[in-house]
Structure formats: C-alpha cells, structure tokens
Amino acid sequence: MITVFVEPDNETHTFERHNTVLMLQKRLGLRVNDALIIRGGTLLTPDDRLIDGDEIRVRKVISRG
Amino acid sequence: MKCRKCKAPAEIPLPSHNTAFCRDCFAAYFTGQVEKAIRRHGLINPGERVLVALSGGKDSLSLMLELSRLGYDVTGLHVDLGIPASSPAARAKVAGFCELHGLKLRVVELIKEGLPIPDVKRYINRPICSACGKIKRHWFNRVALEDGFQVLATGHNLDDEVARLFANTLRWDAGYLSDQGPCLNAENGFARKIKPLYRLSEFETACYAFLNGIEIHSAPCPYSGKASFTGHKRLWADLEHQSPGSKISFYDGFLKRGRPAFAQVELEAGVTLAPCESCGSPTSTGICGVCRLGIAVRERRAADPERQ
C-alpha cells in the first residue's frame, strides 16, 4: 500500500501498487515538472521505484496569483 | 537517473534542459542562472540597496535567500492584504523566514492604510486580482523610493513571465509589451524593477525552496479562483511538454526581437507622467489609480449601513 498526500489540495490517496514515480504521476494526471514528488527529505525522479509502505508527498508547483 | 555533472543519483529532473541534477549540482545551477540574469541585464550594480517583495510563496522567499547568499544588501517588503482567511498565515511565514535567516523586513498593512483587499472586493466593481496587483505594485514602488532603495526585486519566474507575455500578446497590448522584461529601468518616479528568477521555472524555484528548507505559504488566495494566468500556464505546460525549451525560446525571442519594436511605438505615442496630487506616486491622471481606489472605498464604506 502506498499513501500519497497531495498539496495544496490537501487530498490523501492510497494505491495498492505503483512500480515507479512516473506511473504515479500519470495516475494523478501530472507531468514530470508539474509537482515535486517527495519521500522523506528526498526528491524523487520519474524512474525511482516506489515500494510498499511508502508515504509520498506530491507538491504541485503552479502558483495561483 | 544520474546527475549530469557528477553522476550521483539525481533528485531534480529537467526535461527542458534534457538533463537532471543532484541537489548540490542543482544549487550551483540555480545560482548560475540568477547570476547570469543579473549580469546579462545589469539588474543590480555594486553597493545598491535591494528591496525584495515577499508574498510568502516559494518564488519570493527563494529569491530573497539567494540574493542574500550572493552578498547583496537586501530588505524584504511584505504587503499585508488584510484578508482574514489568508493574510495572517502568509505574514507569519514571511516573518518567520526573515527571522530565521537574519534578514531585514518591512511590512505595510493595508488595514492601516484604509484599503484592505476585502473592502476593495466589496465596494469596487472591477476584477479583484487586477486591483490587488495595482495596490501591491503601488506600495512596492512607494516604499522603495521613500526608503532610498535603488532596486525593487520581485520573484517572477519564467512561467509567470511567459504567461504574462502570452496574455499581453493575445490582446496585442502595446503598452505592456513595450516594457515587459527582467529589468525596467528607474524613470519618471519609478524605482528600477528587476526579476532575477526569470530564467528559472516554477518547478525549479519549488525545488530550491524545498531543498533549502524554506517553509512557504502555499494556500491559494481565496479570491484568485478565476485567475486567467493559471489557465495560460497550463497551456504552456502542455507546449513545453511536447516541445521542451519553448518557454525560454518564446521569452528570449521577445526580448531580442519583439520588445524593441513595441518600445518604439510607445515612445512615439508618449505618455506624460506627473506626481500624484495626493501621494506623489507617478500618474498620468492627476490623482493616481490607488488613491482613487482609496477615495471610492472610503466613500462607499461610509455609506454602507452594515458598516455603521
């Protein structure tokens, strides 16, 4: 199980399985530079693998005025 | 994914540059882009005092930190908009950031100035984002001039600039197209305005803020739901995804080949500015737009039975 917290929407999703960050981004409808993908204190790149128990923070970057 | 420079595991993928960086090499890249902007457009001269407009977002706080690390004499300016749902949180982030890094901060409170944004929204029949932007720019310039700053810096990034240029182009707004760019020289009662982050994308400034532990105010303004720039940014994100490098190419091309032509048109049209009769800010209409807003808000507030 992977838990994903999306900012600034304050939404939480849980997914059974995603092999890579790229798959997660596609599932959320995000392109590579639309959001920071954060695990702990580290930024992830699209090819990084996700593992069971991961808690991922997705921080969208488009500012709104 | 490996860092292009040192081959360590990468953290920051940058498809627009067909590259990726580890955090240390990204820091050097980020600094290099800011230095390149300053050098190429003569944004800051040695010894000049720089006033940095701080909203509490990732761009302005990142700009403040980077300019201070580069050794510039920077002071932050935060305009407290007086919006109950968002202003206290934004101001707290700015104050906490400046205290943490030992940076100077000046705050203008629109409630004390008689022009809080909720009142502008309530009493003035025009798009609130337009009026709010006008009021903020007024205070940025006024504080810069009154307190002796030579330069006013804002955290506009490449995405902001491309979205704005796109909007101005859709309207063929010659006035705005004549002077949009990373440097607007001081003249006619305006301080020099600079945008040192114009070569860096929103993603890159977000990475910088995260990697430097900057706590940002990320909640959207409660009044900005229909901001057209957000839609334009999405369009450009699609274009950049299909054709990496489109944004900087569009913007740099405008600076080299578009802006000079529009500047010539504006020079021939010639608008004469004089100090506002009320506050001294430059205006072409006797009393400046912000003072006129203030007068209208005061009158309508006084006539509002709910505010008696």
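The values are calculated or read from the model by the stated rules, or taken from the named source; none is laboratory data. The structure presented is a predicted model; accordingly, all values stated were derived computationally and were not measured. Glycine gets a Cβ as well: all are built from the backbone with ideal geometry, and neighbour counts include every protein chain shown. Only protein heavy atoms, including side chains, enter the accessible area calculation; ligands, DNA and RNA are left aside. Shrake-Rupley method; radii C 1.70, N 1.55, O 1.52, S 1.80 Å.
Can you compute the modelled spin-label distance between A:Lys26 and B:Asp24, with each label point 7 Å from Cα toward Cβ, in nm?
3.5 nm
Taking amide H positions as placed 1.01 Å from N in the peptide plane, with prolines and chain starts having none, which residues 5 or more places from B:Ser201, or on another chain, fall under 5 Å of its amide H?
Result for B:Ser201 returns B:Leu158.
Assuming a ≥ b ≥ c are the square roots of the Cα gyration tensor eigenvalues, decide whether the stretch B:100-167 counts as rounded (a/c under 1.5), prolate (otherwise, with a/b larger than b/c) or oblate.
Note, shape of the stretch B:100-167 comes out oblate.
Could you give the accessible area per residue of the stretch A:2-60, probe 1.4 Å, as a whole number in Å²?
Value for the stretch A:2-60: 54 Å² per residue.
Give, rounded to the nearest 20 debye, the magnitude of the charge dipole that the protein assembly as shown has about its Cα centre when Lys and Arg contribute +1 at Cβ and Asp and Glu contribute -1 at Cβ.
Taking the Cα centre of the protein assembly as shown as origin, the dipole is about 360 debye.
Could you run the Karplus curve 6.51 cos²θ - 1.76 cosθ + 1.60 with θ = phi - 60° over the stretch B:83-99 and give me ³J(HN,Hα) per residue in whole Hz, x for Gly and Pro?
My calculation for the stretch B:83-99 gives 8, x, 6, 9, 5, x, 5, 5, 5, 5, 5, 5, 5, x, 4, 5, 5 Hz in order.
Going toward the positive end of the dipole of chain B, with +1 on Lys and Arg Cβ and -1 on Asp and Glu Cβ, which of B:Pro88, B:Pro15, B:Gly76 do you reach last?
Checked the options; the winner is B:Pro15.
Treating the beta-carbon of each Lys and Arg as +1 and of each Asp and Glu as -1, no other charges, what is the dipole magnitude of the stretch B:1-158 about its Cα centre, to the nearest 20 debye?
In total the dipole reaches around 500 debye.
For A:Ile56, list long-range residues whose amide hydrogen, built 1.01 Å from N in the peptide plane, is under 5 Å from its own amide hydrogen.
Under 5 Å from the amide H of A:Ile56 lie the amide H atoms of A:Thr3, A:Val4, A:Phe5, each far enough along the sequence or on another chain.
Scan around B:Thr19 for amide H atoms under 5 Å from its own, H built in the peptide plane at 1.01 Å from N, and keep only partners 5 or more places away or cross-chain.
Long-range HN contacts for B:Thr19: B:Leu14.
Considering the options B:Gly114, B:Ile44, B:Leu100, tell which one lies farthest towards the positive end of the dipole of the stretch B:1-146, charges being +1 on Lys and Arg and -1 on Asp and Glu at the Cβ, about the Cα centre.
Positive-end residue among those listed: B:Ile44.
Charges on Cβ only, +1 for Lys and Arg, -1 for Asp and Glu, centred on the Cα centroid of the protein assembly as shown; of B:Pro182, B:Tyr223, B:Pro260, which one is farthest towards the dipole's positive end?
B:Pro260
For chain B, with all protein chains present and a 1.4 Å probe, just round the carbon and sulfur fraction of the accessible area to a whole percent.
52 percent
Whole-Hz ³J(HN,Hα) for each residue in the stretch B:147-162, computed from phi via Karplus 6.51 cos²θ - 1.76 cosθ + 1.60 with θ = phi - 60°, x for glycine and proline: what do you get?
Along the stretch B:147-162, the couplings run 9, x, 8, 7, 10, 10, 10, 10, x, 4, 9, 4, 5, 4, 5, 5 Hz.
Please state the relative contact order of chain B as a whole percent: Cα pairs under 8 Å, 6+ residues apart?
Relative contact order here is 20 percent.
Within the stretch B:285-302, which residues have the backbone N less than 12 Å from the label spot 7 Å out from B:Asn185 along Cα→beta-carbon, could you tell me?
Under cut-off, by backbone N: nothing.
Magnitude of the Cβ-charge dipole of chain A, K/R +1 and D/E -1, about the Cα centre, nearest 20 debye?
With Lys and Arg at +1 and Asp and Glu at -1, about 220 debye.
Mind checking the angle between helix B:58-69 and chain B's longest principal axis? C-alpha axes, 0 to 90 degrees, to the nearest 10.
For helix B:58-69, the angle is close to 70 degrees.
With a 1.4 Å probe, what is the total accessible area buried between chains A and B, in Å² rounded to the nearest 100?
Counting protein atoms only, the buried area is about 2100 Å².
Under the 0.36 nm per residue contour assumption, what length would be gained going from the current alpha-carbon distance of B:Arg164 and B:Lys134 to full extension?
Taking 0.36 nm per residue and subtracting the Cα distance, the gain is 9.3 nm.
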